[in-house]
Structures are given as structure tokens and as C-alpha cells.
1. Dipole of the chain (Lys/Arg Cβ +1, Asp/Glu Cβ -1, origin at the Cα centre): which of PRO123, MET1, VAL18 lies farthest to the positive side?
2. Run the quick spin-label model on ALA61 and LYS85: label points 7 Å from Cα toward the beta carbon, then report their separation in nm to one decimal.
3. Pairs of Cα atoms under 8 Å, at least six residues apart: use those to get the relative contact order of the chain, whole percent.
4. Return the sequence-ordered ³J(HN,Hα) values of the stretch 179-196 in whole Hz as given by the Karplus equation 6.51 cos²θ - 1.76 cosθ + 1.60 applied to θ = phi - 60°, using x for Gly and Pro.
5. If I stretch the segment between ASP255 and ASP40 completely, what's the gain in nm (0.36 nm per residue apart, minus their alpha carbon distance), one decimal?
6. Near the amide H of ALA268, under 5 Å away, which other amide H atoms are found, from residues 5 or more places off or on another chain, if H is placed in the peptide plane?
7. Report the extension gain between LYS276 and GLU342 in nm, rounded to one decimal, defined as 0.36 nm multiplied by the number of residues separating them, less their alpha carbon distance.
8. Identify all lysines with a Cα-Cα distance to LYS90 below 20 Å; exclude those on the same chain that are fewer than 8 residues away in sequence.
Amino acid sequence: MELNITCIPGDGIGPEIVAEAKKVLRRVAEVYGHQMRFTDILMGGASIDVHGVPLTEEAIAAARAADAVLMGSIGGDTTTSPWYKLPPEKRPEAGLLGIRKALNLFANLRPAVLYDELAAACPLKEEISRAGFDILIMRELTGGLYFGERRTYEENGLRTAVDTLVYNENEIRRIAVKGFDIARKRRRKVTSVDKANVLDSSRLWRKVVEEVAKDYPDVTLEHMLVDNCAMQLVRDPAQFDVILTENMFGDILSDEASMVTGSIGMLASASLNDTKFGLYEPSHGSAPDIAGKDVANPIATVLSASMMLRYSFDLDREADAVDAAVKQVLRDGYRTGDILSEGCTKVGCSRMGDLLAERIR
Ligand code: NAD
């Protein structure tokens, strides 16, 4: 298969971690007989330095021309970097918002996986973490409260503010379809999270999700109220497979789920549109404090590349090989500094990439 991948190395540790993900992808291409073509584009601070803006039309065109985009991370030290003296629309983060909008990425996927070897980093009680968990949070990214009309005004001498939460059935349907499709690649269970006991938008969400579920009789659907879900994530995370939810609930729940894994350098993410196209990136930032030192953990980016193989290219066998290489490297006792524990061998970013690539079978 021919895979045309645009890479955004970005800022800080971005170029280091993307280089390692490419190393692993090249090995996948070699073992499984694919042709991969990588095109690098500038975004964020790196683009500001060269073009004066965080995202150019040329970069957007290059991203659109690809089958998928693999990103490192963008941004610098927000207190010392000159990028943050620029007006907000010229800062690195504006590039990220711009590309998400230009590519119409409405579905955000964040896996939260507890690896046996890293269970000690999990802040939950041992009797809970022992069961392990492998959750995928699917969050609607372009609607809801964050995009509704808002205003602040004065009424009867009181400062008053209003935000509106709007979803139409098409917006709900397209993310529900993604959620069920992805559940079919996993353990075939969708937990749709809402606040249907209070909100009209949630009642419509629930109805539309139920309509979509009729086309997926092989996938189990359950509904859960968001407050209960927040509790269940720390009480019994093993019960979840795919959590499907709207923008703000997803924002909060995905951070909670990441936190219970305990390892920021291990968290992948993907943002998809209604085709097979997606932008894949680690959940962490550009870590300017450790940039250029060859100490960053590249695993979140490598796992994002695995999601790219699975969701944009339907190469499940190859994605399984990458996930297995990550598990094996942990089992073999190799760790970057952020996940180091007693008795393990400390390695740098580049060596971790080599070890992962060697384990692709
Ligand atoms: P951060 O995630 O970059 O770093 C938080 C802490 O985690 C730091 O101590 C860092 O060293 C560590 N860390 C992060 N990733 C790591 C890795 N792969 N290996 C080892 N350690 C790792 O968050 P921050 O410091 O709040 O933000 C730094 C910059 O990143 C800011 O400019 C911010 O805007 C940007 N940012 C970008 C994205 C993105 O590109 N999607 C996301 C979040 C933050």
C-alpha cells in the first residue's frame, strides 16, 4: 500500500519525537511491504520563525494533499518565548486551531491505557488498577458549549453572562457513527455519556445515538450520566471500552482518564474528519524544558502513529505490531526518564525509537 503522510515536527521536543515515530513507521513499511512517503511542513513557532505566521496556506494545502498527518507538538515556553509577545492570532497555538478547522476535524480520540509494567504510576488503589484498563474517549470537537453564542451583559445592575450549548442531529450522528465504527475495531461496547436528566441537547444526543446504534447490532450501547461517568472512571475504569460524548464533557473526562494512567509521555490522540483522514499527535505539549536533550519519551507519538495505521489506513495488523512493540519494550525493562522505575534501564528518545523499531515483527 502507498501511504502519503504529512508530518508536522513542530516545536520543542516535537522534531525529536516525530523522528522516532518515523523510524518505527519506516520499519513497519519494510516488514509489511508498504511504501511510505513523508512530507514535512512547518507549523507553530517553527513557522512563525520562517514565515511570520503560525500556519501558511501552503502548509494547509500540503496537509490536505496527504492521506494523514502526524504531528509532534507546537508551542514554546509561554513566559519566556518571544512567540508569546505576539497577538493571540499569531501565536503557535493559533496554527493548531487553524489546521483543525481547515481540515474539519470533528472527532477527537484519546486512548487511556494502563500498561501492566507502568501500573505503579497509576494513582488508583491497587485493587482497582490490578484489573487494568484500555479506554478510548471519543469527544465531539467542533460543536456544543465551546462554539455556541456567548455574551456578557448587565441586567438590573448585575453582571450576567450566557453561553449556549447547541447540537443539531447531523453533528451528533456523524460522531456517533465514528464511535460505533471504532468500537467494531475494539471490544464492541459504546458508553454514550450525557446529562439527559437535565439538558435538552443531551436528550437529543441520546435519541440520535440510539438511532445510529440500530445499524450496529453487534455493538453494545449503554448510556451514562456524566457525573456518574466521572465517578466510574476512578471506581471501575475496566468497565469502559469506547466513551462517546460531547465537547465539554469529553474535554473534562479525557483529562481525568489520562490522569489515571499516570504517564503523560504515553498518551496518544487522533482527530478525524468524516473521511478516513486524520491528524495524529501525542496528548502532551512541546515540553520546552527538555527539548533538544534526547530525553523525551517518544511512545505517545509512536502510539499516535499506530492509531494512524489503524484508523486512516485500516492497517490493523501493522498497528497491532506497533502496540505490541511498545508493550515488549516495557516488558524488556527499557524506560525514558519520565516513566523510569527501579530496576529498569534508562534510555534516551532516540534509543527508545531504535528499541521500538527493532521489535516490529
Ligand atoms: P507539556 O505537556 O509540554 O509538559 C508538561 C510536563 O511534562 C513537562 O515537565 C514536560 O517535560 C513533561 N513532558 C511532556 N511530554 C513529555 C514527553 N514526551 N516525555 C517526557 N516528558 C514529557 O505541557 P506545558 O509545559 O504546559 O506546555 C508546553 C508548551 O506546549 C506550551 O507552549 C503549550 O501551549 C504547548 N502545548 C501544545 C500542545 C499541542 O501541540 N497539541 C498541547 C499541550 C501544550
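Here, each number is a calculation from the coordinates, and none is a lab measurement. Note that this is a predicted model, so its numbers are computed, not measured. All Cβ positions, glycine included, derive from the backbone under ideal geometry; neighbour counts span all protein chains shown.
1. So the residue we want is MET1.
2. Distance between label points: 3.3 nm.
3. On the way: 739 pairs, mean separation 80.3, N = 361.
That works out to 22 percent.
4. Karplus-based 3J(HN,Hα) across the stretch 179-196 equals x, 5, 4, 6, 4, 5, 8, 10, 9, 6, 9, 10, 9, 8, 10, 8, 9, 5 Hz.
5. Numbers: separation 215, 0.36 × 215 = 77.40 nm, distance 2.93 nm.
This chain segment gains 74.5 nm when fully extended.
6. The list, which skips near neighbours in sequence, is SER283.
7. Numbers: separation 66, 0.36 × 66 = 23.76 nm, distance 4.19 nm.
Additional length available on full extension: 19.6 nm.
8. Hits, sequence-local ones excluded: LYS101.
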